[in-house]
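The values are calculated or read from the model by the stated rules, or taken from the named source; none is laboratory data. This one's a predicted model, so the numbers in the text were calculated from it and none came from an experiment. When we count neighbours, we look across all protein chains shown, and the Cβ atoms used for this are built from the backbone with ideal geometry, even at glycine. Note: accessible area is taken over every heavy atom of the protein model, side chains too, but ligands, DNA and RNA are not part of it. Shrake-Rupley method; radii C 1.70, N 1.55, O 1.52, S 1.80 Å.
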Amino acid sequence: MKKLPLLSELPARLLLWYRGNRRDLPWRHTRDPYAIMVSESMLQQTRVETVVPYYETFLRAFPDVFSLARAADDTLMKHWQGLGYYRRARLLKKAAEMIAEGYGGVFPREPEKIRMLPGVGDYTAGAIASISFGLPCAAVDGNVLRVVARYTGDASDVSAPETRRRFAAMLQKVYPERDCGDFTQSMMDLGATVCLPGASPRCEACPLADLCTAKRENLAGVIPAKKPPAPRRIEKWDVFFLVCDGRVALVRRPATGLLANLYGFPMTPGFVPVEKWARSHGKWRIDPAYKEAKHLFSHIEWHMRCYRAETDTPSPDFIWATPEELRGVYPIPNAFRVWRFFL
């Protein structure tokens, strides 16, 4: 039987490595569980470099659970604009409301209570419990899954929930009594900076290289195994940057569904003869030249033809915003960023 490397080797090796190699990130300078929750919410499906300026601006606007709990939806979404996955912001606000109202503003420290906060899954609960409160709670994200899978040579599908739960249980048994938060973050950093995705990890810089099964057996290109994602559904849209007397037409999107409650531009599924659609909304003068744009959501891909149009009659069907309000007031998702080319 093949002898597997011992997970019990991880804490001593990674804590020593982490002290000399930790990334200098703004959320590493605090143990405030609210700030950690904000950072972990932003980091879901978003790159660290993108998150850093958003995190700092967000905490200046909403420095505690009370300020976030009473934030107006449009104000909150404006501060989240550009991060995408806007449901995270709404769940973050609901978590702040629960802490403010249910716990008197005091962040719960029990892992099971943290896990009950809206938008907080097993990983985020483990990260908050270990980093903020020093509790031995495993936090298994994609980076940690990759490190453990390669170290042990485990070719299980890391996208499967049972694999994540099994790896978390394995790590839970070897958590150190002290420095739990540093151990959690050392696993994250090793995966983010050394045990990189694909076939070219930086094994020469890895403190686990002499024990790693994937390195020894040249399996880094096939471990971790992951089920390929389903292809995105393609949707075609005609989008209109409609101007009237220096103001631009906006619509508020439905309260449910994709980009719920955010602001966008008039659009119609297509591609259809745009002149016919425009006539149903008044007398529009449409520039026949259009810009093509594409935006990727997790399961949907928008293909857009973006037109500039003008009208002399401001239809009440729309919200009419100045260019300054487009930039500073209304939360407009990145899917519509092509509007900047029309100003």
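Shape summary: region 143-243 maps onto an equivalent ellipsoid whose semi-axes, from the alpha-carbon gyration tensor, are 33, 18, 16 Å in decreasing order. When only Cα pairs below 8 angstrom with a gap of at least 6 residues are kept, the chain shows a relative contact order of 17 percent. Derived scalar couplings between HN and Hα for region 18-26 equal 5, 4, x, 9, 5, 6, 8, 10, x Hz in order, rounded to whole Hz, by the Karplus curve 6.51 cos²θ - 1.76 cosθ + 1.60 (θ = phi - 60°), x for Gly and Pro. Calculated mean residue ellipticity at 222 nm for the chain: -11500 deg cm²/dmol, from DSSP H runs with n ≥ 4 weighted as -39500 (n - 2.57), summed, divided by the residue count and rounded to 500. Working note: Cα atoms of region 202-285, range along each principal axis, descending, whole Å: 72, 26, 25. For region 3-81, the relative contact order works out to 22 percent when only alpha carbon pairs closer than 8 Å and six or more residues apart are counted.
Couplings for region 42-55, taken from phi via the Karplus curve 6.51 cos²θ - 1.76 cosθ + 1.60 with θ = phi - 60°, read 5, 6, 5, 6, 9, 5, 4, 4, 6, 6, 3, x, 5, 4 Hz in order; Gly and Pro are left as x. The apolar share of the surface of the chain, taken as the fraction of accessible area on carbon and sulfur atoms (1.4 Å probe, ligands and nucleic acids excluded), comes to 54 percent. For the set 78/283; 93/236; 78/291; 93/291, the pairs lying more than 29 angstrom apart at their alpha carbons are 78/283; 93/236; 93/291. Computed with a 1.4 Å probe over protein heavy atoms only, the accessible surface of region 48-160 comes to 40 Å² per residue. Summed over the residues of region 237-305 and divided among them, the accessible surface reaches 53 Å² per residue at a probe radius of 1.4 Å.
Shown here: region 239-343, whose C-alpha atoms stretch 38, 31, 25 Å along the first, second and third principal axes, sorted largest to smallest.
The Kirkwood hydrodynamic radius of region 4-110, based on inverse pair distances between different Cα atoms, is 15.4 Å. Legend: P(r) of the chain from all alpha carbon pair distances, 20 Å bins from 0, whole percents, reading 26, 47, 24, 3. Taking 7 Å along the Cα-to-C-beta vector as the label spot, tell me the residue 299-residue 341 distance in nanometres, rounded to one decimal. Spacing of the two 7 Å Cα→Cβ label points: 3.0 nm. The three principal axes of the Cα atoms in region 30-81 give end-to-end lengths of 27, 25, 16 Å, sorted in falling order.
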